[in-house]
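**Q** Here's a structure for you.
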Amino acid sequence: MIRAFLRLEAITTGLALRAAIALLCVTAGLAMFQVVTRFVFDAPSTWSEVVTRSAMIWSVFLGVAAAYRHGAMISVDIVQTALPAPAGRALFLLANAASFGFFAILLWQGWLMCGRVARQNLAALEISIAWVYAALPVGSAFILLAILAATIRGLRGEAIPPQTFGAAP
């Protein structure tokens, strides 16, 4: 059961990372498009800034899951390794529990926010702003899976080297 969960997390985090990378490429391309239309052609695009900002928000929230999986988030590793093993493990669990709580609240509040803003449109576009706010609950769901898997791997003494990302644990 745990092995199946870790495999699922590897797949979902890999998908989130790939989507984050694609959205970051969209962000960079649209930012360049915006600069060219504004300063070269003196005819600024009305929609590219909104889409660039929205893609960046989605990219960040999807990318956090991969960062958490690889231990790239701000952490307390120095303190954890300096402590005796039982205290270090307790700190590890406390940090993961706090992160889990934060992203669980963010998922819930993001879901509620999507409902509140569903009838509002993005500036210069006829698209609901809820699509942008949806990055909070969707990204948080990916992050919660990554936190649970990182906790399980940490308690088992396992680590995920970068070259095995997306592979089955």
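**Q** Restrict the check to segment 32-46 and report whether at least one residue is surrounded by fewer than 18 Cβ atoms within 10 Å (Cβ to Cβ), under 17 Å from ALA141 (Cα atoms) and β-branched (Val, Ile, Thr).
**A** no
**Q** Surrounded by fewer than 15 Cβ atoms within 10 Å (Cβ to Cβ) and either of a type in the set (Gly, Ala, Ser) or part of a helix (DSSP H, G or I) (or both) - does that describe any residue in segment 124-138? Walk me through it before giving the result.
**A** Here is the first cut: in segment 124-138, the residues surrounded by fewer than 15 Cβ atoms within 10 Å (Cβ to Cβ) are 124-127.
Pick out the ones that are also either of a type in the set (Gly, Ala, Ser) or part of a helix (DSSP H, G or I) (or both) and you get 124.
Looking for residues that are surrounded by fewer than 15 Cβ atoms within 10 Å (Cβ to Cβ) and either of a type in the set (Gly, Ala, Ser) or part of a helix (DSSP H, G or I) (or both), one finds at least one in segment 124-138, hence yes.
**Q** Among the helices (runs of 4 or more DSSP H) contained in segment 1-90, which hold 2 or more residues that are under 16 Å from the mean Cα position of the chain (by Cα)? Don't jump to the end; show me each part of the working.
**A** Values: elements: 2-35, 48-69, 77-82.
Where helices (runs of 4 or more DSSP H) fall fully within segment 1-90 and carry at least 2 residues being under 16 Å from the mean Cα position of the chain (by Cα), they are 2-35, 48-69.
Rundown of residues vs (1) touching a helix residue (DSSP H, G or I) at 6+ places or on another chain (Cβ under 6 Å); (2) surrounded by fewer than 13 Cβ atoms within 10 Å (Cβ to Cβ); (3) at pLDDT 95 or above, yes/no style:
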{"site": "ASN96", "(1), (2), (3)": "yes, no, no"}
{"site": "GLY101", "(1), (2), (3)": "no, yes, yes"}
{"site": "LEU107", "(1), (2), (3)": "yes, no, yes"}
{"site": "ARG119", "(1), (2), (3)": "no, yes, no"}
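**Q** Let me ask something else about it. Of the conditions (1) out of contact with any Leu (no Cβ under 7 Å at 6 or more places or on another chain); (2) over 30 Å from LEU125 (Cα atoms), THR37 satisfies every one except a single condition; which number is it?
**A** (2)
**Q** Just one of ALA87, ALA97 is under 26 Å from ILE11 (Cβ atoms) and not aromatic (Phe, Trp, Tyr); which is it?
**A** None of the other options fit; the residue is ALA97.
**Q** Please go through segment 60-94 and give me each residue that is in contact (Cβ under 8 Å) with a residue 60 or more places away in the chain, farther than 18 Å from LEU155 by Cα and surrounded by 18 or more Cβ atoms within 10 Å (Cβ to Cβ), ordered by number.
**A** Answer for segment 60-94, where residues must be in contact (Cβ under 8 Å) with a residue 60 or more places away in the chain, farther than 18 Å from LEU155 by Cα and surrounded by 18 or more Cβ atoms within 10 Å (Cβ to Cβ): PHE61, LEU62, VAL64, ALA65, ALA66.
The values are calculated or read from the model by the stated rules, or taken from the named source; none is laboratory data. All values derive from a computational prediction rather than experimental measurement. Every residue, glycine among them, receives a Cβ derived from its backbone with ideal geometry; neighbour counts consider all protein chains shown.
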